[in-house]
Amino acid sequence: MGTDSSLLHTPLHTLHQDFGGKMVPFAGYSMPLQYADGIMAEHRHVREQVGLFDVSHMGQVRIRARSGTVEDAARALERLVPADIVGLKTNRQRYTQFTNASGGILDDLMVIALEECLLLVVNAACKQADFAHMQDNLADCLVEPLEDRALLALQGPLAQDVLSSFDADAATMRFMDVCMLEIDGARCIVSRSGYTGEDGYEISLSAKDADRVARQLLQHQQVRLIGLGARDSLRLEAGLCLYGSDIDETTTPVEAALEWSIQKSRRTGGARAGGFPGADIILEQLEKGVTRRRVGLLPTGRAPVRHGAPLYADEALADKVGEVTSGAFGPTLEAPVAMGYVATPHAAVGTELVAELRGRGVPSRVAALPLVPARFRR
Amino acid sequence: MTLYFTSEHEWLRVDGDTAVVGITQHAADELGELVFVETRPAGTQVKAGEAVAVVESVKAASDIYAPVDGEIVEGNAALADDPSTVSSDPQGAGWIVKFRLSNPAQLDGLMNAEAYAAFIG
């Protein structure tokens, strides 16, 4: 690892180079940090028009029950995640987490219910560990990493116009719907979802079709390639967690303010309550509350307050109440944006905290997430 | 006036015992559009290698180092309102600090334009 020759390439590597991508190592892959326009311009383009992201480094995994029924696969997966998977309708997608015995998060993921199987999309940096975790715990299922598939994200207010020009069914989908679409002759599994807070789609397709389909999408003048830099600032404004920064094995879904992703059926008193790693801790936190919470933060001034910055109750910088887990300059708000964990008594929206930046205090207000309103097509 | 360059991708325009310091076009291209610049206050004494300013892009913060020993005379106040000037005109209006040299002999260790061009390849 570390040298360029050891880095993996996605099926769009040539395209990134053709479009001037500034390639950086990320989770073992050579990935585009940005293209010629730069992070600020790319970020704004997604908020105003449409961006195309290569997220083929992410893991795609198919799960089929040995019995052959999707319901059995869903029941099996519920042993590892706190979401209601049995109740997930065919052609719908849901967000959840793999938890550990102490209620921490091993990874966060999307689960798609198809007629024959479940399809999971997991983080690139976690995919080997996730695969082993599923192999070890889902003996009643066939767990297959889909190595020959690419993943594209088409994000922005004009995404529907672009995608429906290839397949009109794109316009009929609502947020988190899943549909088989044909794009330039390629059969794609498409969900109406994303990681930017904008309307848009995530497109799973055969690796051999990816370069051609991406170039077809880029034929639309509204579509531009977007790198990982803008992907990070977009998701931060949208209040979405980055695994390894905002959530990890030491944070529970309740501390991370992700309890919306734990449906009633899996909670105390529900039809299939508990039964996932750390359920005792997580279900108790849902009822009794937690001692710290993930919150949005709006630092004053223009200086970004970044990952690791301590948060204090006041300017004396003595009473530490939390820590920033993600922070950057938000191009949409034209101001610094951040999120972090703070002790529950300081977590209410509107609470004035002070972040420490290069030895001095930066007044920072607790703000509701998302920091920029989401524009999902619900 | 003589122009010097450093291996930290900074330039110094030296006139007598004062120097104007900024980042090179190469550094500006690498950092991307800047969103914030903060210089240390006038009167600060610094040794070569100590920070004289911090520049922030969307993604990351980077220190700007004193190329030689000296005292900060002035920060570029215009950058508070428009830090992107550093990105668009790094070797002109996007200068970062004015600096009084305390040991001009240290300039001998820096590069001229030709050597810097070779350095960045």
Margin query: List pairs: first residue in the stretch A:22-51 and within 21 Å of A:N123 (Cβ to Cβ) and facing chain B (nearest Cβ under 10 Å), second residue in a strand (DSSP E or B) and of a type in the set (D, E, K, R) anywhere in the structure, Cβ distance under 9 angstrom, at least six positions apart or on different chains.
Written below: A:L33/A:K22; A:Q34/A:K22
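For the stretch B:15-36, which positions are in contact with a helix residue (DSSP H, G or I) (Cβ under 8 Å, 6 or more places away or on another chain) and among the hydrophobic types (A, V, I, L, M, F, W, C)?
B:I23, B:A28, B:L31, B:L34, B:V35 - these are the residues of the stretch B:15-36 that are in contact with a helix residue (DSSP H, G or I) (Cβ under 8 Å, 6 or more places away or on another chain) and among the hydrophobic types (A, V, I, L, M, F, W, C).
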Item checked: Filtered residues of the stretch A:226-275 (kept if under 24 Å from A:Y201 (Cβ atoms), surrounded by 20 or more Cβ atoms within 10 Å (Cβ to Cβ) and touching a helix residue (DSSP H, G or I) at 6+ places or on another chain (Cβ under 7 Å)) -> A:I226, A:G227, A:G229, A:A230, A:S233, A:L234
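Do we have A:A139 as of a type outside the set (D, E, K, R), under 25 Å from A:R75 (Cβ atoms), surrounded by fewer than 16 Cβ atoms within 10 Å (Cβ to Cβ) and within 19 Å of the chain's Cα centre (by Cα) here?
no
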Notebook entry, point to check: When you look at A:A73, is it touching a Lys or Arg at 6+ places or on another chain (Cβ under 9 Å) and on the phi > 0 side of the Ramachandran plot, yes or no?
Noted result: no
Next item on the list: Being surrounded by fewer than 19 Cβ atoms within 10 Å (Cβ to Cβ) and either β-branched (V, I, T) or closer than 26 Å to A:L154 by Cα (or both) is the filter here, so list the residues in the stretch A:62-85 that pass it.
Entry: A:T69
Next item on the list: Pairs only if they're at least six apart or on different chains, beta carbon under 7 angstrom, first in the stretch A:225-245 and away from chain B (no Cβ under 14 Å), second among the polar types (S, T, N, Q); list them, first residue then second.
Entry: A:A238/A:T196; A:Y243/A:N123
Next item on the list: Could you check, for the stretch B:48-63, whether at least one of its residues is in contact with an Asp or Glu (Cβ under 6 Å, 6 or more places away or on another chain) and in contact (Cβ under 8 Å) with a residue 40 or more places away in the chain?
Entry: yes
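Considering every residue within the stretch A:54-68, establish whether at least one is under 18 Å from the mean Cα position of the chain (by Cα), closer than 30 Å to A:E284 by Cβ and of a type in the set (S, T, Y). Walk me through it before giving the result.
To start, the set of residues in the stretch A:54-68 that are under 18 Å from the mean Cα position of the chain (by Cα) comprises A:54-61.
Then keep just the ones that are closer than 30 Å to A:E284 by Cβ; that gives none.
Checked against the condition, which is being under 18 Å from the mean Cα position of the chain (by Cα), closer than 30 Å to A:E284 by Cβ and of a type in the set (S, T, Y), the stretch A:54-68 yields no hits at all.
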Margin query: For the stretch A:311-369, which positions are outside any strand (DSSP E or B), among the hydrophobic types (A, V, I, L, M, F, W, C) and within 14 Å of chain B (Cβ to nearest Cβ)?
Written below: A:L333
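Considering only helices (runs of 4 or more DSSP H) fully contained in the stretch A:1-117, which possess at least 3 residues that are out of contact with any strand residue (DSSP E or B) (no Cβ under 9 Å at 6 or more places or on another chain), under 30 Å from A:L333 (Cβ atoms) and modelled with pLDDT under 95?
Working: elements: A:13-18, A:39-48, A:70-77.
Once the helices (runs of 4 or more DSSP H) in the stretch A:1-117 are filtered for at least 3 residues that are out of contact with any strand residue (DSSP E or B) (no Cβ under 9 Å at 6 or more places or on another chain), under 30 Å from A:L333 (Cβ atoms) and modelled with pLDDT under 95, nothing remains.
With the structure loaded, tell me whether A:L298 is assigned by TED's automatic domain parsing to the domain that holds A:A367 and part of a loop (DSSP other than H, G, I, E, B) or whether it fails that test. If you could, list the steps in order and put the result at the bottom.
On the way: assigned by TED's automatic domain parsing to the domain that holds A:A367: yes; part of a loop (DSSP other than H, G, I, E, B): no.
Here the answer is no, as A:L298 does not meet what is asked.
The values are calculated or read from the model by the stated rules, or taken from the named source; none is laboratory data. Note that the structure is predicted; figures quoted are calculated from it, not measured. Cβ atoms come from the backbone with ideal geometry, glycine included; neighbour counts cover every protein chain shown.
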